[in-house]
Amino acid sequence: MKNYDLAFVLLAGGQSARYGGNKLLSEHPISKLPLIEHSLRVLLDAKASHSVALINSAVTKTTNQERLAKQSRVTVVAGKWHGSIDSHLRGLPVNVVHNTLWEEGIASSIRAGLKHVLSTPTLPPFSFTCAPEDDLESDERSDTKNEESAGDTKPPSHVLVSLADLACLTEQDIANLIHASQANPENIVCCEWQNNKERGQGGHDSHPRLTVPAIFPNAMFTELLSLKGDVGAKPVISEYLKKGRVTTVPTPNAQFDIDSPQDWVTVALSQH
């Protein structure tokens, strides 16, 4: 796809009720970073690996953090723990949005993240097709044409939605989704995994799960903005699966989320 322009939305708006505190500040056993920063860096690294030349040029030509954050098209949606999350992510090229409706459930975070992505001016579009050098003008340039383009809102062609508590996701997992989306730009691209052992039940589940992280084309944005309550993107994925417009990517790591402190044991075991 010629104008494939991907934005990222990382959902971090839950209250961590079963964890007994802010789980997103718990230390990841491998990276030794707070879980929220670990998850964010996985996305940033995956994005960087597909646009190294553009990122390097942007970093060289500007030191303005807000400008770089807008270019990066990476948004973290925080809720109850907005203050601590925002504090931990300062200095990273990311936009942190406060979802004041977090008590409604995950749908409110999806809406908040997507609305922010669609309304944020970009400097110029940060996409996987490296732009000519002239598209990354320095801040000193003040001609009218550049000022107008810097303030334009250009919606992304696609948005990747992920959860901040998916502790086992890797850069390669995200890269696989991006490759599949570029090859099938009209489809939703989502993770597929099999839960071989239900937590606390010891049973086997023969039905594959289709979940986030997932990449949605702009044709599906209206459905995402219509979600209500404690409902994620599953209804949208299910709807388009019936229409034959879902591409799945095997991603076993997408099954490991952190809900309670005990889940870190499961994460540790999955790494062996």
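The packing ranking of peptides 35-41, 9-15, 248-254, highest mean first, is 9-15, 35-41, 248-254, where packing means the average number of other beta carbon atoms within 10 angstrom of each residue.
Each Lys or Arg adds one and each Asp or Glu subtracts one; over the other residues with Cβ under 12 Å from the Cβ of Leu10, this totals +1. The local environment of Pro185, defined by Cβ-Cβ distances under 12 Å, has a net charge of 0 under the rule Lys, Arg +1 and Asp, Glu -1. Exceedance of the 20 Å cut-off in Cα-Cα distance is limited, within the set Lys80/Lys228; Lys115/Lys228; Lys23/Lys234; Lys154/Lys243; Lys23/Lys80; Lys2/Lys47, to Lys23/Lys234; Lys154/Lys243. Averaging Cα coordinates gives a centre for the range 171-186 and one for the range 213-260; these two points are 14 Å apart. With all protein chains present, calculate the accessible area of Trp102 using a 1.4 Å probe and round the result to the nearest 10 Å². Using a 1.4 Å probe on the heavy atoms, I get roughly 50 Å². Summing charges over all other residues whose Cβ lies under 12 Å from the Cβ of Leu44, with Lys and Arg as +1 and Asp and Glu as -1, gives 0. With every protein chain in place and a 1.4 angstrom probe, the accessible-area ranking of Glu103, Glu27, largest first, reads Glu103, Glu27. For the peptides 261-270, 162-171, the ranking by packing is 162-171, 261-270, with the highest mean count of neighbouring Cβ atoms within 10 Å listed first.
When His82, His158 are compared by accessible surface with a 1.4 Å probe, the order from highest to lowest is His82, His158.
The values are calculated or read from the model by the stated rules, or taken from the named source; none is laboratory data. Nothing here was measured: the structure is a model prediction, and the numbers come from that model. Ideal geometry is used to build each Cβ from the backbone, glycine not excepted, and the neighbour counts take in all protein chains shown. In case anyone asks, the SASA skips ligands and DNA or RNA and just uses the protein heavy atoms, side chains included. Shrake-Rupley method; radii C 1.70, N 1.55, O 1.52, S 1.80 Å.
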